[in-house]
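Written below as structure tokens is the structure these notes are about.
The values are calculated or read from the model by the stated rules, or taken from the named source; none is laboratory data. Source: prediction; values computed, not measured. Cβ atoms come from the backbone with ideal geometry, glycine included; neighbour counts cover every protein chain shown.
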Amino acid sequence: MSDSGRFDILTPPSPVSSYTEWDPLEEVIVGSVDGAVFPPWHIALEPVIPADHRQTFRDNAGRPFPAERIALARQELEEFSHVLRAEGITVRRPETPAQDRPYATRDWSSTGLYAAMPRDALLVVGDDIIECPMAWRSRYYETLAYRPLLKEYFRGGARWSAGPKPELTDEQYDLDWAEPGPGGPTRLVVTEFEPTFDAADFTRCGRDIIAQRSNVTNDFGISWLRRHLGGDYRIHVLEFDDAHPMHIDATLVPLAPGKLLIHPDRVREVPRIFKGWDVLRAPRPVIPDSHPLYMTSKWINMNLLSLDETRVVVERGEEPMIDALKEWGFAPVPCSFRNFNSFGGSFHCATLDVRRRGSLESYLDY
């Protein structure tokens, strides 16, 4: 009881707390490929689906991804989850609703995609877990797979927010989008009609959050997030030499305080806000040409997950990356993930930091 005679209500520590990409990881959500289906073809897919797989998407809209690919990726996710648990990390998993079930708004209809990439759909900043207003119609209800977990975290003391649910009408898209051509300016397929963003277009460095505009994230969405987060955070919007931007975590990856991994072609000059940081230009990926990558480039080899300031999960077959990380002072944790890569992501995409042991600090000097 307080001096005033009233009983004090103690707020429990939030089960959600994460400020950086590298503080010691304590709890994480790992996605699922179960039930994954090809989404209906739409102009929003055109800029980011590899050219040699666009017809595959058109031909298989609403149908499951190959069963053998799903089975192999599921096995790798189980191995990955086992690796994380062995490192002392609590692993949570989403539900797997039927993705081939049609749904509709007043203006359009679609089927789903998957619940494989929680990093795309949800953004954790401090004790706030934010549902993102995603630009793909096939991902309109993707966060429903995580709703039981969101309810649990909220009841445990976390904040739970959501960006404005977008209409995703034709006004949201540049319906005349076309390849910019060699040397041409980057042309984005999303307009500024309403705010949209994927969480994977943001990377967290304590009080400073690095963002990029992309084919799913517009200025309107970045402005909404900046205002939502308030004065404790500074969002820096960077531009890269990328004709088809979608998600920043295979372009610029802060792995630890003062340690920045960058794409050797997309990042021509190190951004000034990382003045004084040690920089590693990512080694070329070694994923075989024969391996199907439906939704990403080979540079998914950069999509690493930091367990703390030294331990980093990396694809077992990416030996140049493993060697480079060792020379850089890290302790790589190898894990097989090639078949999961086929679905458009790697260790960072496949996870959502629920809780990292750390506090809000500043790491950039500018």
### Message
Please determine whether any residue of region 153-161 is among the hydrophobic types (A, V, I, L, M, F, W, C), modelled with pLDDT of 95 or more, part of a loop (DSSP other than H, G, I, E, B) and more than 20 Å from residue 215 (Cα to Cα).
### Response
yes
#### Entry: Matching residues in region 274-286 - criterion: being within 22 Å of the chain's Cα centre (by Cα) and within 21 Å of residue 362 (Cβ to Cβ)
274, 279
### Query
Restricting to region 51-84, what's the tally of residues that are touching a Ser or Thr at 6+ places or on another chain (Cβ under 7 Å) and either closer than 29 Å to residue 179 by Cα or of a type in the set (S, T, N, Q) (or both)?
1
### Query
Cβ-Cβ below 6 Å, separation at least six or inter-chain, first residue in region 149-173 and within 22 Å of residue 45 (Cα to Cα), second surrounded by 13 or more Cβ atoms within 10 Å (Cβ to Cβ) and acidic (Asp, Glu): which pairs?
166/194
### Query
Does residue 294 qualify as being crowded, with 18+ Cβ neighbours inside 10 Å and over 18 Å from the mean Cα position of the chain (by Cα)?
no
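Test residue 95 against the stated conditions and say whether it is surrounded by 15 or more Cβ atoms within 10 Å (Cβ to Cβ) and within 22 Å of residue 351 (Cβ to Cβ).
It is false that residue 95 is surrounded by 15 or more Cβ atoms within 10 Å (Cβ to Cβ) and within 22 Å of residue 351 (Cβ to Cβ).
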### Query
Taking the condition in contact with a Pro (Cβ under 9 Å, 6 or more places away or on another chain) and free of Cβ contacts under 8 Å to residues at least 60 places away in the same chain, does residue 295 pass?
no
### Summary
residue 227 vs (1) in contact with a Gly (Cβ under 7 Å, 6 or more places away or on another chain); (2) part of a helix (DSSP H, G or I): all pass except (1)
### Message
Of the conditions (1) assigned to a helix (DSSP H, G or I); (2) within 21 Å of the chain's Cα centre (by Cα); (3) free of Cβ contacts under 8 Å to residues at least 60 places away in the same chain, residue 146 satisfies every one except a single condition; which number is it?
### Response
(3)
